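Remarks on the structure that follows.
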Amino acid sequence: MTPSAAADAPSAISPAHPVLAEVVRSGFVEGGHRGSLVLLAADGSVEQALGEPTTPVFPRSSNKPMQAAAVLRAGLDLSGERLALAAASHSGEDFHLDLVRTMLAEHGLTPGDLQTPPDLPLDPAEAETYLAAGRVRERIAMNCSGKHAAMLAVCASNGWDRNSYLDPSHPLQKLIHQVVEEMAGEPVAAVGTDGCGAPLMAISLVGLARAFRAFVRAEPGTAERRVADAMRAHPEYVAGTRRPDTWLMREVPGALSKMGAEAVQAVALPDGRALAFKIDDGAGRVIGPVLARSLRLLGVDDPVVDRIGRAPLLGGGGEVGEIRAAF
């Protein structure tokens, strides 16, 4: 994109967005992070809105449950850990990579068929271990490799072209587009390219929260409910052993949770309460405090909320402040 084109590009950020989190060091507020947020009541109505949650955003990996549901609708028989991994932004732990290899092999595929960019594991501790073992960036280590394995598998099953599985005009991507619109209850506002190379559909935060609500409220046996059930039963495959999505789905019964890059988060509770937010500057360090505050506003009172919300600031190796929600 040229500089002039970039200046004319649609934008999801605005100086009118409120500060959702403050950075407090030694009792001094040294910074803040703006964004938009929506909370839905159990009946699906908007309970609270901050910023502009009806403005389209790229949900990034928070769209993955919808992508996984489309794979099921296209006829791929996935369940359990495999289905959870199809909706994952995995940490790159050994059990993640082993299952990706298995999923590929089950359909006559290899890691070489993946079109993810070569990467290191998403989890910093896993990345250090990976490098210490003398390994290099690989396509399978990229956090979206489970999703891509499922996409390739359904192409193999249906006789669809595998080389173009990331093209927006591919039958699978057209189906994903349809599922996103159906679940969000609104048209896709724009189509871009995600970090993994897959098409990325823009919807509003209200639409994203509505979609997550639809997944947990779907009838048993439907593609959407199967995805929600697999994610909630196997959250470590959706994220990893040291990730807030895993903690929340393990410890709050029936919660469905999925983060996305650039500080996007969506959660739905089994009774239909839901939330979605986007931090304008994409600062991942803010997700925990904003998510914890949002969950409390939805009435979630569980020790895991405190764990998720803790974001200390360090000075000289000691704790001297925190990142805290500001709403």
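The set of residues in the range 307-325 that are under 23 Å from the mean Cα position of the chain (by Cα) and within 21 Å of S26 (Cα to Cα) comprises G309, R310, A311, I323, R324, A325. For the range 199-242, the candidate set comprises residues that are in contact with a His (Cβ under 8 Å, 6 or more places away or on another chain) and in a helix (DSSP H, G or I); within that set, the residue that is most open to solvent (accessible area, probe 1.4 Å) is Y237. If you go through the range 157-198 and pick out every residue that is open to solvent by less than 30 Å² (accessible area, probe 1.4 Å), part of a helix (DSSP H, G or I) and out of contact with any Lys or Arg (no Cβ under 8 Å at 6 or more places or on another chain), you end up with 4. Against the conditions (1) assigned to a loop (DSSP other than H, G, I, E, B); (2) in contact with a strand residue (DSSP E or B) (Cβ under 9 Å, 6 or more places away or on another chain); (3) surrounded by fewer than 18 Cβ atoms within 10 Å (Cβ to Cβ), G299 satisfies every one except (2).
Residues in the range 116-137 that are surrounded by 13 or more Cβ atoms within 10 Å (Cβ to Cβ) and not in a loop (DSSP other than H, G, I, E, B): 7 in all.
Could you please let me know if A141 is under 30 Å from L50 (Cβ atoms) and either at pLDDT 95 or above or open to solvent by 10 Å² or more (accessible area, probe 1.4 Å) (or both)?
Details: under 30 Å from L50 (Cβ atoms): no; either at pLDDT 95 or above or open to solvent by 10 Å² or more (accessible area, probe 1.4 Å) (or both): yes.
Spelling it out, it is not the case that A141 is under 30 Å from L50 (Cβ atoms) and either at pLDDT 95 or above or open to solvent by 10 Å² or more (accessible area, probe 1.4 Å) (or both).
Count of the range 305-327 residues, restricted to those that are under 16 Å from V290 (Cα atoms) and open to solvent by 40 Å² or more (accessible area, probe 1.4 Å), is 8.
For every residue, the table says whether it meets (1) free of Cβ contacts under 8 Å to residues at least 24 places away in the same chain; (2) not in a loop (DSSP other than H, G, I, E, B).
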position	(1), (2)
E22	no, yes
L39	no, yes
A69	no, yes
D77	yes, no
L83	no, yes
S91	no, no
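Sub-6 Å Cβ pairs linking a first residue in the range 264-293 that is in contact (Cβ under 8 Å) with a residue 12 or more places away in the chain and under 25 Å from R217 (Cα atoms) to a second residue that is open to solvent by less than 10 Å² (accessible area, probe 1.4 Å) and charged (D, E, K, R), at least 6 apart or interchain, are A266/K258, ordered by first then second residue.
Within the range 259-287, the set of residues being crowded, with 21+ Cβ neighbours inside 10 Å and out of contact with any strand residue (DSSP E or B) (no Cβ under 6 Å at 6 or more places or on another chain) comprises G260, L269, R273.
Within the range 12-30, work out how many residues are surrounded by 12 or more Cβ atoms within 10 Å (Cβ to Cβ) and either at positive phi or at pLDDT below 95 (or both).
Within the range 12-30, the subset surrounded by 12 or more Cβ atoms within 10 Å (Cβ to Cβ) is 12-14, 17-25, 29.
Going one step further and asking which of them are either at positive phi or at pLDDT below 95 (or both), we end up with 12-14.
Going through the range 12-30 one residue at a time, the tally reaches 3.
When every residue of the range 184-193 is checked against the conditions, none turns out to be among the aliphatic types (A, V, I, L, M) and either within 24 Å of L104 (Cα to Cα) or modelled with pLDDT under 95 (or both). Consider V320 against the criteria (1) under 20 Å from V206 (Cβ atoms); (2) touching a residue at least 40 places away in the same chain (Cβ under 8 Å); (3) not charged (D, E, K, R): it satisfies all of them except one. Which criterion is unmet? The single condition V320 does not satisfy is (1).
The values are calculated or read from the model by the stated rules, or taken from the named source; none is laboratory data. What you see is a predicted model; the values in this text were computed from it and never measured. No Cβ is skipped: glycine too gets one built from the backbone with ideal geometry, and neighbour counts run over all protein chains shown. Areas reflect the complete protein model, heavy atoms only, side chains present, ligands, DNA and RNA absent. Shrake-Rupley method; radii C 1.70, N 1.55, O 1.52, S 1.80 Å.
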